[in-house]
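A.B. asks: Could you have a look at this structure, given as structure tokens, before my questions?
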Amino acid sequence: MNDSTPQTITVALGQRSYPVWIGAGLLGDHARWRAMLRGRHALVVSNTTVAPLYLPRIEAGLDGLRWSSFLLDDGEMHKTFANVGRALEALGALGATRDACVIALGGGVVGDLAGFSAACWMRGIDFIQMPTTLLAMVDSSVGGKTGVNLPVGKNLAGAFHQPRAVLADIDTLATLPEREYRAGLAEVVKGAAIGDEPFFAWLERHAAALAARDPATVMEAIARKVTYKAGVVARDETEQGERALLNFGHTFGHALETAGHYTALLHGEGVAIGMRLAARLSERLGMSDAAATARLQRLLESLGLPVAIPPGVDPPQLLALMRLDKKNTAGALRLILWRGIGRAEIVGGVHEADVLAVLQDAG
């Protein structure tokens, strides 16, 4: 990625407000992020793919501190309680006090697990998000959702724990594999699909530039998505209402990820398929029309994202997994559906027969 002037977007949460910095060279801008560390101890959580590439860039910024690193193997299947336990043991070995800081250097798995570990240590210490994937930059690093997966479902254990700061260094996208990059674009599309039709139209016009990783286009897409999400989080931090809309496509997507044992699909790929399924279900329920679904599908396909349930996946199994979604209440399915682009809403009491019909017709 080329050099560009960093942008600052604030997540406005009163005394717990924090900046999201987006730009090139931010990992090496030690003066910027070192000022956010309040104590003498730091634990850098990363993975075995990212750390060799980018840990050296932040080491100099830790000079004078007592710090160590804890590395996960790469992949969603490693976002587990066992690894949280190991991260907490690393904090213990470090002698981390209540003013210590956990630094999350990596994608969504690293950020979720590092943030959850920070929330648990001494009932909550600081952490800083340094996302290195597009998906983490535009979604998981912002908003304070942390947690781990269980065999029965994704993100079923966790806590709301806001970071001190987020540094989205777009230089790191240069080493992101193509499939991972495209998966991140699904979360960009989601933000536009649920509440920003002009942004959706912008994405349609700039799909080719986004797919080609044009730096200025990527930077604007990240900033627009983060600005939208920061506003939602400021209004509904703990997902009592509006923030649930950010889960458009996620109930379907998480079920697909779980069915594949967190290895068959990337999170963004599950979300892409899930958004199409949510749009198809909205059609079936008379909330939206086929033209809106087709428009969404065209944009996802133009960005190289999947839209069909993978072969061999059992619809009744997916429905069973969807029953465990955190948005459900008293045994009733509660889904994020839409009335067309930019008009998502929470819909409770969705009949399982309608969901199963959509799943069975979505190959």
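The values are calculated or read from the model by the stated rules, or taken from the named source; none is laboratory data. This is a predicted model, so every value here is computed, not measured. Heads up, the Cβs are rebuilt from the backbone with ideal geometry, glycines too, and the neighbour counts pull from every protein chain shown. The accessibility values were calculated without ligands, DNA or RNA, using every heavy atom of the protein model including side chains. Shrake-Rupley method; radii C 1.70, N 1.55, O 1.52, S 1.80 Å.
A.B. asks: Which of the following residues is under 18 Å from Arg164 (Cβ atoms) and open to solvent by 20 Å² or more (accessible area, probe 1.4 Å): Leu88, Leu71, Leu65?
C.D. replies: It is Leu65.
A.B. asks: Among all residue pairs at least 6 apart or on different chains, which show Cβ distances below 6 Å where the first residue, located in the range 60-78, is touching a residue at least 60 places away in the same chain (Cβ under 8 Å) and the second is surrounded by 12 or more Cβ atoms within 10 Å (Cβ to Cβ) and of a type outside the set (Asp, Glu)?
C.D. replies: Listed pairs, sorted by first residue: Glu76/Val109; Glu76/Tyr262; Met77/Tyr262.
A.B. asks: Residues in the range 320-328: is at least one over 24 Å from the mean Cα position of the chain (by Cα) and either over 18 Å from His254 (Cβ atoms) or modelled with pLDDT under 90 (or both)?
C.D. replies: Among the residues of the range 320-328, not one is over 24 Å from the mean Cα position of the chain (by Cα) and either over 18 Å from His254 (Cβ atoms) or modelled with pLDDT under 90 (or both), which makes the answer no.
A.B. asks: Checking Glu283 against (1) in a helix (DSSP H, G or I); (2) closer than 17 Å to Leu356 by Cα; (3) in contact (Cβ under 8 Å) with a residue 12 or more places away in the chain, which test does it fail?
C.D. replies: (3)
Residue-wise test of (1) open to solvent by 10 Å² or more (accessible area, probe 1.4 Å); (2) modelled with pLDDT under 95; (3) assigned to a helix (DSSP H, G or I).
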residue: Gly147; (1), (2), (3): no, no, no
residue: Pro163; (1), (2), (3): no, no, no
residue: Leu167; (1), (2), (3): no, no, no
residue: Gly184; (1), (2), (3): no, no, yes
residue: Val188; (1), (2), (3): no, no, yes
residue: Ala193; (1), (2), (3): no, no, yes
residue: Pro198; (1), (2), (3): yes, no, yes
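A.B. asks: Out of the range 43-95, which residues are aliphatic (A, V, I, L, M), touching a Ser or Thr at 6+ places or on another chain (Cβ under 9 Å) and modelled with pLDDT under 95?
C.D. replies: If the condition is that a residue be aliphatic (A, V, I, L, M), touching a Ser or Thr at 6+ places or on another chain (Cβ under 9 Å) and modelled with pLDDT under 95, then Met77 is the only one that fits.
A.B. asks: Going by the conditions given, is Arg40 more than 24 Å from Val138 (Cα to Cα) and of a type in the set (D, E, K, R)?
C.D. replies: yes
A.B. asks: Which of (1) outside any helix (DSSP H, G or I); (2) touching a residue at least 24 places away in the same chain (Cβ under 8 Å); (3) surrounded by fewer than 16 Cβ atoms within 10 Å (Cβ to Cβ) is the odd one out, the single condition Ala216 does not satisfy?
C.D. replies: (1)
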